[in-house]
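Data first, discussion second: the structure below is written as C-alpha cells.
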Ligand SMILES: O=C(O)CCC(=O)C(=O)O
Ligand code: NI
C-alpha cells in the first residue's frame, strides 16, 4: 500500500505521515471515546502535564478498532512485516495552555529495549497538531544512530542526555498534521513535542507496534502488550 517513495522516506528519515487515514465518522467515534476519559485525563494531568492513559484498547472498543485500522496496519506491514502485535496503546492528553505539557527529546527504544529495532510507534492525532497545539518534533534520520544516551550516572533518565543528539538545526522537523492523519516513527527516532499553548485540550492515540518475532527485553509490560493485531503470533524470536 505504501509507495516506494514513502518507504524510502521512512528508511531515510525514520518517520512517515499518512494523510487522511480516518474517515469523519471514524474520527468522531474516537473523539467521543476520548471525551469519555476527559475527567480522568484532567485529574491525571493536574491541568498541567501530559496525561498518558495506558491500555486504552481495554477501555473502549473504538480504540481497539483504531489499533486494528486496515490502512494503519497495511502501512506498518509494508515497513516492518505482516505479523504485528501491540506493545502499548495510550491516550496522550495535553491540557489547554499548559507549558509543562512539553515532552523532552527522547527515543522509544531505550525505555523499552527489544531484541531488534524493526518496530515503531503510530500516532493518531484527534486534534490538529501544530507547534501551537503540541505537535511532535523529530530529528530526521536520527533512527540510524541506534540508541543514544538516556542514562546519567547509571540511572535511566528517560530523555536524551547529550544535547549534541538533538540540536543539529538542519535535521529538525515539526511534524504538522491534521486530525485524521496518522504518523509512524521508528523506535530509535529522536523526537520531542511542543507544549499545548492553545485554548483546547490536545488528544492523540499512541500505539507501539512490533513484529511478533520481536522480544521485549525490558521496560513496562501492559495488559495489552502482546495483543495480536494481525498475522501469526508464533514466529520464532529474532
Ligand atoms: O504526546 C506527544 O505529543 C508525544 C509523546 C511522546 O513522544 C511519547 O509519549 O513518547
Ligand atoms: Ni515518544
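Taking the Kirkwood radius as the inverse of the mean 1/r across Cα pairs, report the Rg/Rh of segment 82-180. Walk me through the numbers before you get to the answer.
Numbers: Rg = 14.8 Å, Rh = 15.5 Å.
Looking at segment 82-180, the ratio lands at 0.96.
For the chain, what relative contact order do you get, as a whole percent, if you take Cα pairs closer than 8 Å and at least 6 residues apart? Before the final figure, lay out each step's value.
Working: 548 pairs, mean separation 79.2, N = 238.
Once normalised by length, the contact order is 33 percent.
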| query | Where is the GNM fluctuation largest for the chain (alpha-carbon springs, 10 angstrom cutoff): 160, 41, 58? | reply | 58
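With r as the distance between the Cβ atoms of residue 169 and residue 9 and R0 = 25 Å, compute the FRET efficiency 1/(1 + (r/R0)^6) and round to 0.05. Intermediate results must be reported in sequence, preceding the final value.
Details: r = 20 Å, r/R0 = 0.82.
Efficiency for this residue pair is about 0.75.
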| Using a Gaussian network model of the chain with C-alpha springs under 10 Å, which one of 170, 20, 47 is most mobile by mean-square fluctuation? | 170
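Would you calculate, for the chain, the mean residue ellipticity at 222 nm contributed by helices, counting each DSSP H stretch of 4 or more residues as -39,500 (n - 2.57) and dividing by all residues, to the nearest 500? Show your work: numbers first, answer last.
On the way: 5 runs with 49 residues, N = 238.
After summing the helix terms and dividing by residue count, I get -6000 deg cm²/dmol.
Say R0 is 35 Å: what FRET efficiency, to the nearest 0.05, do residue 74 and residue 156 get from their beta-carbon distance?
Efficiency, rounded to the nearest 0.05: 0.50.
Counting every Cα pair in the chain, what percent are over 24 Å apart? The partial results should precede the final answer.
Numbers: 12035 of 28203 pairs.
Of the Cα pairs, 43 percent sit more than 24 Å apart.
Computed from the coordinates by the stated procedures, all read-outs in this text should not be read as laboratory data. Note that this is a predicted model, so its numbers are computed, not measured. Glycine gets a Cβ as well: all are built from the backbone with ideal geometry, and neighbour counts include every protein chain shown.
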